[in-house]
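Peer 1: Below you will find the structure I want to go over with you.
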Amino acid sequence: MKKSIILLVFFHFLANGALLAQGEAEQLFKTKCGICHTVGKGKLVGPDLAGAHERHPHEWLLNFIRSSQKMVTGGDSAAVALFEQNNKVVMPDPAISDAEIESLIAY
């Protein structure tokens, strides 16, 4: 009985932590990404990000979000194509941690 209560409390905090992390990722998206991007609502300044995780490998997304221009100047064909498709508008480096980028990708 005591173990069941401990497990119940543990999973309660785990679930609430996951929701908080999603809320933080949503807020981070709104402040860092949502100015130029949507998710499923069409292109703004930059492309609609719906399905980006299906079009690109995880590591590619991590690197691109970290510094898209580094990838463009490095000759990454997918990065160059996105840059050209979006009128060569430079996506600024977001100055956020890798953990925050990971939460954005998960969001």
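The values are calculated or read from the model by the stated rules, or taken from the named source; none is laboratory data. All figures in this text were calculated on a predicted structure; none of them were measured in a lab. Cβ atoms come from the backbone with ideal geometry, glycine included; neighbour counts cover every protein chain shown. Accessible surface is based on the protein model in full, side chains and every heavy atom, while ligands, DNA and RNA are left aside. Shrake-Rupley method; radii C 1.70, N 1.55, O 1.52, S 1.80 Å.
Peer 1: Restricting attention to the stretch 71-84, does a residue exist that is over 18 Å from Gly34 (Cα atoms), more than 14 Å from the chain's Cα centre (by Cα) and charged (D, E, K, R)?
Peer 2: yes
Peer 1: Within the set of pairs 6 or more residues apart or between chains, which connect a residue that is assigned to a helix (DSSP H, G or I) inside the stretch 42-59 to a residue that is open to solvent by 90 Å² or more (accessible area, probe 1.4 Å) with Cβ atoms less than 8 Å apart?
Peer 2: Sorted first by the residue in the stretch 42-59, then by its partner, the list stays empty.
Peer 1: Also, I was wondering about something else. Kindly indicate which of Ala78, Ala99 is in a helix (DSSP H, G or I), modelled with pLDDT of 95 or more and at negative phi.
Peer 2: Details: Ala99 fails: modelled with pLDDT of 95 or more.
That would be Ala78, the only listed residue that is in a helix (DSSP H, G or I), modelled with pLDDT of 95 or more and at negative phi.
Peer 1: May I pose another question? In the stretch 22-46, what residues are touching a Pro at 6+ places or on another chain (Cβ under 8 Å) and within 19 Å of Ser97 (Cα to Cα)? Please lay out each step first, then the result.
Peer 2: Going through the stretch 22-46, the residues touching a Pro at 6+ places or on another chain (Cβ under 8 Å) turn out to be 32-33, 37.
Lys32, Cys33 - these are the residues of the stretch 22-46 that are touching a Pro at 6+ places or on another chain (Cβ under 8 Å) and within 19 Å of Ser97 (Cα to Cα).
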